[in-house]
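J.: I am attaching a structure below and will ask some questions about it afterwards.
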Amino acid sequence: MALITLDGQVFTTGDANTRFSIQSISKAFTLALAVEQVGETLFTRVGKEPSGNPFNSLVQLEYEHGIPRNPFINAGALVVTDVLISRLADAKTGVLEFVRRLSACPDLDFDYAVVHSERETGFTNAALANFLKSHGNLQNDVSAVLDAYFHHCALSMSCLELARAFLFLANHGTIPGTATRLLTGSQAKRLNALLLTCGFYDEAGEFAFRVGLPGKSGVGGGIAAVMPGRWAVAVWSPEINRFGNSVQGMKALELLTTKTGESIF
């Protein structure tokens, strides 16, 4: 676990420097980069509501005619990736460099064994991408979108690096200690709102109830969250529950906000 305050204090415990596959936590970074690139027009192609269904549901996407419910379910993240491919010279390198800048870690990289595994087993994601394409909600080649998406999910980061990378969301869109504004204050507020309501698959309500922070989880066992105006925190514990969220990570963050009395509520 690692917690970093906006004034630079760093607190860690356990294997806070061990890197792991961040998986869907990467969706927070790709969404921030897409909003930086195209602004609110992104939400003509992807919704803003919690899904209430599994994060890779084909049924929901079919029911809603190819418009994903939010940017954090897999279909929504594929649309976000498509936007980045259209806007950046290289969506894989662009996202990697963006996260390196946020984390102040120039040696961050993809875990290529995980990339290979994602390609070999990503049949449902391929189905989602093809369904989006059939509804005109992917502008680029399906294989290119899937390749970039699999790379983003395979980003390898430690809790310390994740906490630092999330600090701009606690600081109204500006990287602390710099004049670098990535998002407007309004955009950062809205991204945090989406993290609170949609960041934990179909267990977002439980996380808001128990922890009370905007955050994003990944099936690699990681969770990153922010206390706006104060700090960012990341935890990692590989055992996940049936929703895909870290069992011990959720408990640790519940204890953090309970014992410190700090949450957004």
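The values are calculated or read from the model by the stated rules, or taken from the named source; none is laboratory data. Bear in mind that the values here come from a model prediction, so they are computed numbers and not experimental data. Note: ideal-geometry Cβ built from the backbone for every residue, glycine included; neighbour counts use all protein chains shown.
J.: Mind telling me which of the residues Gly136, Gly52 ends up being modelled with pLDDT under 95, at positive phi and either surrounded by fewer than 17 Cβ atoms within 10 Å (Cβ to Cβ) or among the small types (Gly, Ala, Ser) (or both)?
T.: Checking each option against the conditions leaves just Gly52.
J.: Further question: Quick check on my filter: what residues within region 201-258 are within 26 Å of Ile175 (Cβ to Cβ), more than 15 Å from the chain's Cα centre (by Cα) and outside any helix (DSSP H, G or I)?
T.: Listed by number, the residues that qualify are Val211, Gly212, Met227, Pro228, Gly229, Arg230, Trp231.
J.: A further question on this structure: Considering only region 1-15, how many residues are part of a strand (DSSP E or B), without any contact (Cβ under 8 Å) to a residue 40 or more places away in the chain and β-branched (Val, Ile, Thr)?
T.: The number of residues fulfilling the criteria is 0.
J.: Residue under question is Thr81, and the condition is that it be without any contact (Cβ under 8 Å) to a residue 60 or more places away in the chain and either outside any loop (DSSP other than H, G, I, E, B) or surrounded by fewer than 15 Cβ atoms within 10 Å (Cβ to Cβ) (or both); does it hold?
T.: no
J.: Out of region 45-72, which residues are in a loop (DSSP other than H, G, I, E, B) and either closer than 13 Å to Leu84 by Cβ or among the hydrophobic types (A, V, I, L, M, F, W, C) (or both)?
T.: Across region 45-72, the qualifying residues are Arg45, Val46, Phe55, Ile67, Pro71, Phe72.
J.: Residue by residue through region 202-219, note down the ones that are of a type outside the set (Lys, Arg) and surrounded by fewer than 24 Cβ atoms within 10 Å (Cβ to Cβ).
T.: Matches in region 202-219: Asp202, Glu203, Gly205, Glu206, Ala208, Phe209, Gly212, Val219.
J.: If you don't mind, another one. I need every pair where a residue in region 108-137 that is within 13 Å of Gln23 (Cα to Cα) has its Cβ under 8 Å from the Cβ of a residue that is assigned to a helix (DSSP H, G or I) and basic (Lys, Arg), sequence separation at least 6 or different chains.
T.: Here the result reads Phe110/Lys92, each pair linking region 108-137 to a residue that is assigned to a helix (DSSP H, G or I) and basic (Lys, Arg).
J.: Sort out which residues of region 205-220 are out of contact with any Gly (no Cβ under 9 Å at 6 or more places or on another chain) and under 24 Å from Ser156 (Cα atoms), and write them in order of number.
T.: Leu213, Gly220
J.: Still on this structure, I have one more. For Pro71, indicate whether it is buried (at least 17 other Cβ atoms within 10 Å of the Cβ) and closer than 21 Å to Ala148 by Cβ.
T.: In short, yes.
J.: Moving on to the next point. Is it true that Ile4 is of a type in the set (Val, Ile, Thr), surrounded by 14 or more Cβ atoms within 10 Å (Cβ to Cβ) and farther than 30 Å from Ala89 by Cβ?
T.: The answer is yes for Ile4.
J.: Same structure again: Would you check if there is a residue in region 23-44 being part of a loop (DSSP other than H, G, I, E, B) and among the hydrophobic types (A, V, I, L, M, F, W, C)?
T.: no
J.: I'd like to check something: does region 110-130 contain any residue that is out of contact with any strand residue (DSSP E or B) (no Cβ under 6 Å at 6 or more places or on another chain), among the acidic types (Asp, Glu) and not in a helix (DSSP H, G or I)?
T.: No, every residue in region 110-130 fails to be out of contact with any strand residue (DSSP E or B) (no Cβ under 6 Å at 6 or more places or on another chain), among the acidic types (Asp, Glu) and not in a helix (DSSP H, G or I).
J.: Going by the structure shown, is Leu195 of a type outside the set (Val, Ile, Thr), at pLDDT 95 or above and assigned to a helix (DSSP H, G or I)?
T.: The answer is yes for Leu195.
J.: To continue, here is another question. Read through the list (1) closer than 20 Å to Ile223 by Cα; (2) surrounded by fewer than 17 Cβ atoms within 10 Å (Cβ to Cβ), then give the number of the only condition that Thr41 fails.
T.: So the condition that Thr41 fails would be (1).
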